[in-house]
Amino acid sequence: VKKKFDEIFNDDSVVGSVEVYHLDLMSLASVRSFAHTVISLDCPVHVLINNAGIMFGGRKETEDGFESQLATNYLGHFLLSHLLLPLLERTGQADTPARIVNVSSVAHYCGSWMDFSDLHLRKLYSPEQAYGNSKAAQIMFTSHLSTMLQSSQAPVQVVSLHPGVVYTDLYTNVTWVKIFSLIAKLLMKTAKQGGDTLVHAALDPDLVGSRQVYLENCRQGRNSSFTSRVENQAKLWGLTCSLLGIQQFGTS
């Protein structure tokens, strides 16, 4: 990662620097260690982009006993946001709020069959269902947290998004993409194109004060009715806080 950024900074028109720290979203201990490292830097954090993820593959459980896709795509991001929220609140201002950007997917529609009594799919596992659940969870997390922060007038804005179908290593476990890689490259967005909506969500000043919480192609998208239901958002929020041992979100 650092090598890639070093190549970018070789361009004289680009200024800045990059630091890389280890983070394994499948491990709650690693998430806590990473958050501690960031906080100890004693510098402002203007944007947290929860982007890292995995897709499909056989059922695996993390060291904490969580289904791996849910842990990587959702639970790790939830915990990291909880731990860094105080820093984001100190950084943000009313007219320039800090931002949390949760990268979801149109696949969140598959999460419309989420079973709250079996979030880790121990009874019946489907890789597609597991991925859909994790992406639906990101949107519900975004909506619930956004409502909380607005009611407390915290200077932090939360947005989720679908970046498009992007040709990246995310498709390692998708057979047809590996077999027909040339065709896939023609049909899918490049990583650079896929990053457009992320940059928009993180930096566009026109989003300040907006109640848009789900974006597609840099504009308001349409998320599923399941993820829009306040009762589903609240139920998942409670279950997640219980799983992660969080008594009050954003408070250590």
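Membrane-span-like helices in the chain, defined purely by DSSP H runs whose alpha carbon atoms cover 15 Å or more axially and whose average Kyte-Doolittle hydropathy reaches 0.5, are 28-40, 76-91. Counting only Cα atoms, the range 61-128 measures 46, 28, 17 Å along its principal axes, largest extent leading. Positive end of the dipole of the chain (Cβ unit charges, origin at the Cα centre): among Ala201, Ala130, Leu161, the Cα lying farthest that way belongs to Ala130. Distances between placed amide hydrogens fall under 5 Å for Val158 paired with Ile100, all partners being 5 or more residues away or on another chain.
Note that the chain presents 53 Å² accessible area per residue, ligands and nucleic acids not counted, probe 1.4 Å. Calculated from the structure at hand, log10 I(q)/I(0) by the Debye sum over Cα atoms at q = 0.08, 0.11 Å⁻¹ is found among [x] -0.27, -0.52; [y] -0.31, -0.60; [z] -0.37, -0.69 as [y]. At an R0 of 35 angstrom, the distance between the Cβ atoms of Val208 and Arg229 translates into a FRET efficiency of 0.85. For the range 54-71, backbone phi angles converted through the Karplus equation (6.51, -1.76, 1.60; θ = phi - 60°) give residue-by-residue couplings of 10, 9, 6, x, x, 6, 9, 10, 7, 4, 8, x, 9, 4, 5, 5, 5, 5 Hz, Gly and Pro being listed as x. Note on Lys3 and Asp42: the extension gain reaches 11.5 nm, defined as 0.36 nm multiplied by sequence separation minus the Cα-Cα distance.
Per-residue extension of 0.36 nm, minus the Cα-Cα distance of Phe116 and Val20, leaves a gain of 31.0 nm for this segment. Determine which aspartates and glutamates satisfy two conditions relative to Lys123: a Cα distance under 14 Å, and not lying fewer than 8 residues away in the same chain. Of all the aspartates and glutamates, those that pass the test against Lys123 - Cα under 14 Å, at least 8 places apart if same chain - are Glu61, Glu67, Asp115.
Charge dipole (Cα centre; +1 on Lys/Arg Cβ, -1 on Asp/Glu Cβ; no other charges) of the chain amounts to roughly 580 debye. With R₀ set to 22 Å, the beta-carbon distance separating Gln247 from Glu61 gives a calculated FRET efficiency near 0.35. Counting only protein heavy atoms and a probe of 1.4 Å, the accessible surface of the range 1-129 is 56% carbon and sulfur.
Summing charges over neighbours of Tyr131, with a neighbour being any other residue whose Cβ is under 14 Å away from its Cβ, gives +1 when K and R count +1 and D and E count -1.
The values are calculated or read from the model by the stated rules, or taken from the named source; none is laboratory data. Note that the coordinates shown come from a computational prediction; the quantities given were computed from them, not determined experimentally. Using ideal geometry, Cβ is built from the backbone for each residue, glycine included, and neighbour counts are taken over all protein chains shown. The protein model used for the area step is the full one, side chains on, heavy atoms only, and it has no ligands, DNA or RNA in it. Shrake-Rupley method; radii C 1.70, N 1.55, O 1.52, S 1.80 Å.
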